[in-house]
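Scroll down for the structure; my scribbles are underneath it.
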Amino acid sequence: MVESFSGKLSLRAWMVVPETQKLMKVLLEDGGDARFVGGCVRDTLANRKELDIDIATTLIPQQVIERLKHHKIPFSTIGLKHGTIKAIVDGKPFEITTLRLDVLTFGRHADVKFTDDWKTDASRRDFTINAIFATLDGNLYDPFGGVEDLRLGRVRFVGDPEKRINEDILRILRFFRFYAHFGRGLPDDAALRACSAAAGQIPKLSAERICHEIMKLLESDRCAEVWRIMLRSGIVEHFMPEATNVETLENLVRLESSYDGDAYALRRFAALIDATPKGMKNISQALRLSKNQASQLNKMVNPEVSVSMDIGEGGVRKLVYHYGNDMARSLLLLAAARSGDEERLSPLYQTATSFRATRFPLLGDDVLAIGYESGSEVGRVLDAIESWWIAEDFKPRRTECLKKLKTDFKPKANK
Ligand code: ATP
Ligand code: MG
């Protein structure tokens, strides 16, 4: 088949680095064909930093494996049932997927059949902007007009939205994710209607897949606007009914751009949520968050100390001492976003950034040295002195802490 190449991708660093050149040469020699596809092509066309490199090839997985072995390139076959081999070339990862069509789709599990037809492979991809191929020289093959859609900010399904969504319900969330990052103007009407109609099936998806998509969506600065559309279209209620505080999210994104610059997805998620600590436990479990993520999220949704713009700079120093600079900054941004009280944020934020918490200058040994026996009493005494030290705004030095210890506490035997 003669293919129509349309346009050219100007060469970027990731295409010309030795690792990419080496792998493509291995795949292209002896009659193989291989092209870049998906995120790396789309993000490069949209002038964004690409994250990972996906390669589509006419070689079947066994041939890919043989070539990689021959050139001593390490690889993983974890995605083999989807026709994907992950190669690591001098430390740089690549996903190599054989051109395929999805024969039957049961939710997320597609039976895979390989093909050597590029358009067939493009047809099984979700959106036109994700179905653009680029050769090593940057020649584009764009069978569904993805380049033009990207230019105009249109996120369109390849084929009929309803059918494509019923093949894989995750595509609902992917639609909103890509619309947040690449869309402009109103969302595609047919796509939106199809997403709305199938939203009741979202709970069938695995928690990991849902979580991955919403965190990616929240990285976009348009996340609040898109979340509002998702609320209105009855999408959110099917996977996270507690995530409705879209105004707080909107305020947070605005504050981040003047204070931080960092699009921190978990913090944005925290802004959306209204839940008790028990509710938070359920949410973290439902989304299979790691222990560390769950604990961070819980701190941000239900801080143990109340954080408001009345906290004062001493209060901020306490936050830094207990939670670290990053969390203190997040708690302040969230408090300002929730209350809409932004005027007093600046000096507090400054303190949360610049204050360096010192270590409490006493140790258990100091308590033992005045005659206490080791045991839980030692911890209680230390805690009491530490609370005094914090209340004194971290100023007392070790000698003053020792003095306080000796005057305020006497072991029972000496009393
Ligand atoms: P990013 O890597 O930035 O998350 P991506 O578009 O590269 O974005 P991947 O998950 O790496 O996303 O998938 C690579 C490509 O595989 C996509 O661009 C798309 O063409 C196709 N793809 C991925 N998931 C699906 C899906 N659920 N349905 C249809 N096609 C998909
Ligand atoms: Mg990718």
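Read the figures in this text as sums done on the coordinates, not as results from a lab. Quick caveat: nothing in here was measured; it's all calculated off a predicted structure. Counting neighbours? That spans all protein chains shown, and the Cβs are built from the backbone with ideal geometry, glycine included.
For His71 and Glu247, the FRET efficiency from 1/(1 + (r/R0)^6), where r spans their Cβ atoms and R0 equals 60 Å, is about 0.65. The aspartates and glutamates within cross-link reach of Lys299, meaning a Cα-to-Cα straight distance under 14 Å and a gap of 8 or more places when in the same chain, are Asp274, Asp326.
Principal-axis analysis of the Cα atoms of the chain puts helix 325-339 at an angle of about 80° to the longest axis. The charge dipole of the chain, taken about its Cα centre with unit charges on the Cβ atoms of Lys, Arg (+1), Asp and Glu (-1) only, comes to about 860 debye.
With the helix formula -39500 (n - 2.57) applied to DSSP H stretches of n ≥ 4, the chain reaches a computed 222 nm mean residue ellipticity of -15000 deg cm²/dmol.
Other residues with beta-carbon under 13 Å from the beta-carbon of Lys406 carry, at +1 per Lys or Arg and -1 per Asp or Glu, a net charge of +1. Placing pseudo-labels 7 Å out from each Cα toward the beta carbon at Lys412 and Glu377 gives an inter-label distance of 0.5 nm. The length gained on full extension between Ser387 and Val305, counted as 0.36 nm times the residue separation minus their Cα-Cα distance, comes to 28.1 nm. Charge dipole (Cα centre; +1 on Lys/Arg Cβ, -1 on Asp/Glu Cβ; no other charges) of the stretch 364-414 amounts to roughly 220 debye.
Principal-axis analysis of the Cα atoms of the chain puts helix 291-301 at an angle of about 70° to the longest axis.
If the segment from Thr115 to Gln350 were pulled out straight at 0.36 nm per residue, it would be longer than the present Cα-Cα gap by 78.8 nm.
The alpha carbons of the chain occupy a box of 95, 51, 38 Å along the principal axes, longest dimension given first.
Using the Karplus relation 6.51 cos²θ - 1.76 cosθ + 1.60 with θ = phi - 60°, the per-residue 3J(HN,Hα) values for the stretch 9-21 come to 9, 5, 5, 10, 3, 4, 7, 9, 4, x, 4, 5, 4 Hz, with x marking Gly and Pro.
For the chain, the longest principal axis of the Cα atoms and the long axis of helix 207-218 meet at an angle of about 90 degrees. Straight-line reach from Lys204: taking Cα to Cα under 18 Å and skipping same-chain neighbours fewer than 8 places apart, the lysines in range are Lys163. Rg then Dmax, both in Å and based on the Cα atoms of the stretch 240-357: 13.6, 39. Checking the Cα-Cα distances for Lys25/Lys72; Lys69/Lys92; Lys8/Lys92; Lys22/Lys113 against a 22 Å cut-off, the pairs over it are Lys8/Lys92; Lys22/Lys113. If only the Cβ of Lys and Arg carry +1 and only the Cβ of Asp and Glu carry -1, the dipole of the stretch 287-330 around its Cα centre is close to 240 debye. Taking a straight Cα-Cα cut-off under 16 Å and skipping sequence neighbours fewer than 8 places away in the same chain, the lysines within cross-link reach of Lys406 are Lys415.
Here the spin labels are modelled as points 7 Å beyond Cα on the Cα-Cβ line, and at Lys25 and Asp102 they lie 3.7 nm apart.
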